[in-house]
Each structure stands twice: as C-alpha cells, then as structure tokens.
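In what follows, a single structure is set out as structure tokens and then discussed.
Readers should treat all values here as calculations from the given coordinates under stated rules, not as data from a laboratory. Because the structure is predicted, anything quoted here is derived from the model rather than measured. As a convention, Cβ positions derive from the backbone with ideal geometry for all residues, glycine included, and neighbour counts pool all protein chains shown.
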C-alpha cells in the first residue's frame, strides 16, 4: 500500500459517515491529515467517530443541498484553519424506474444532492483555496455519468453534471496550485447497493469485464493520490475506475 503525506493538511469529506467517505477519512488520518466528515445523518457520524477514535477526526451535520448551511460551517472552519482538500462524495442513487414514470420530487432530490450539492461545496470552499493558492478537489461521479444507466436517469444525469462541473472548475483554477478532478467508479461493495433492486445490481455487474465489484480500498488509493501534492499537473480530468466497463 502506497504511503501519502497529508501532514498539516485539513480535509473535508462529504458523505463521510460510511462507505467510500469513511474509508478515505481513515486513510487520510493515517497519513497525518486532520479530517472533518460531513453527513446528514448525525447518528452515522457519531458512530464513525467512535469507531475511528482519532482526535484529528471531527464532524458536522450537513445537508449538501443547503448552501446557506454549508456557507456558515465553512466560515467557522476557515476561521481556525484552511481547507486544503475537498472530497465531494455525498450522493444517493434513488429508486429505479423508467424516466416517464420517475417520481418528479425524487428526481429533483437526487440531482440536488449529486450535482447541486457538489456545486454548493465547491462554491463555498474554493475561495479559501484560492486565498492560499493550494487545494485538491476530488468529485465522486460515476460510470453512470458517462454511459447512463437504464432506469436511473436522475442518478446518471446528476453524475454527468458533476463530470461537467469538474471540467469547468478545473480549467478555471488551472493557473493556481489547485487540482480539480473526478473519479468514475463502477458498482462497489458499499451500502449504496442496498438502495437498488437486485435486478439492477446484477445488470450493473454484468457490464464489468473484471467480473466483480470495486473494492473500497482500491477506490481510496486513487482518491488519495489525486488529493496529494504529488498530483501537481492533472486537473479537470476524469479518472476511470470501472474495471474496464468504460475506457474513456
């Protein structure tokens, strides 16, 4: 396992109470970072903090679709320290249904969290990175944002939007020591699979040439490199980690 140096760095990880987000938090902490995990579920956050038991880990209860709430919390954090790393990991899949039958309120909620939530966090945190001429942002998109998943139009659209946002913001910040990239995982062994029907999960798996789901530690390793100082040139890029499902 590669070693990373995140000493004297502060990271904010959305959706940090479980799954990808919590595993990234653990690896950052092991590498010397201070980590603040955000999630809408306070019980999940408390459980994560108790499990990790590291004084450099703290949390905020955050609804990423609420910009005013994010702005207030970011202001409080940056009054004490910089935010050097932002991992936009919060997301929901929602139900599976044909577009013409999709519940409108649920469709809007999924896009609000997966796309607008990513925008909100970047909008609030990027000024602090510009001020310090340093930042690493990793947006967790999905292979669904590239290929589109049938019966998951909201999720696919939200993640496609996050890919477009990454490319735009990366170019806007390219003259600074701030890297903005996205990762596009295929299905992984996380609780997000529980939100989907068994048929939908099997359909996803059948598209992966490696014939298995992504392991969380494999994903975390890629995110760590993108979040490190070693990543001094790649920006506005989309890094695929789909087991061969997509090759672009």
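Relative to the longest principal axis of the Cα atoms of the chain, helix 216-227 runs at roughly 50 degrees.
Mind sorting out which of [x] 17.7, 56; [y] 17.0, 50; [z] 18.5, 58 is the real Rg and Dmax of the Cα atoms in Å computed from the coordinates? Read-out from the structure maps to [y]. From its DSSP helices (H runs of at least four residues, each -39,500 (n - 2.57)), the chain gives a residue-normalised ellipticity at 222 nm of -13000 deg cm²/dmol.
The calculated FRET efficiency for residue 131 paired with residue 239, based on their beta-carbon distance and R0 = 30 Å, is about 0.65. Taken over region 128-190, the percentage of Cα pairs per 10 Å bin, counting from 0 up to the bin with the maximum distance, is 23, 42, 24, 11, 0. First obtain the Kirkwood hydrodynamic radius of region 116-248 from its Cα pairs, then insert it into the Stokes-Einstein equation at 4 °C and 1.567 mPa s, and state the resulting D in µm² per second as a whole number. The Stokes-Einstein estimate is 84 µm²/s.
Stokes-Einstein diffusion for region 81-172, with the hydrodynamic radius set to the Kirkwood value over Cα pairs and evaluated at 37 °C in a medium of 0.692 mPa s, equals 238 µm²/s. Counting other Cβ atoms within 10 Å as a rough exposure proxy, the listed residues 104, 24 run 104, 24 from fewest neighbours to most. Largest GNM mean-square fluctuation among 232, 79, 65, using the chain with Cα springs under 10 Å: 79. Ordering 43, 172 by the number of other Cβ atoms within 10 Å of each residue's own Cβ, fewest first, gives 43, 172. Relative to the dominant Cα principal axis of the chain, helix 117-132 is inclined by about 20°.
By the count of other C-beta atoms within 10 Å, a proxy for reagent exposure, 143, 61 are ordered fewest to most as 61, 143. Compared with the dominant principal axis of the Cα atoms in the chain, helix 153-172 is inclined by about 30°.
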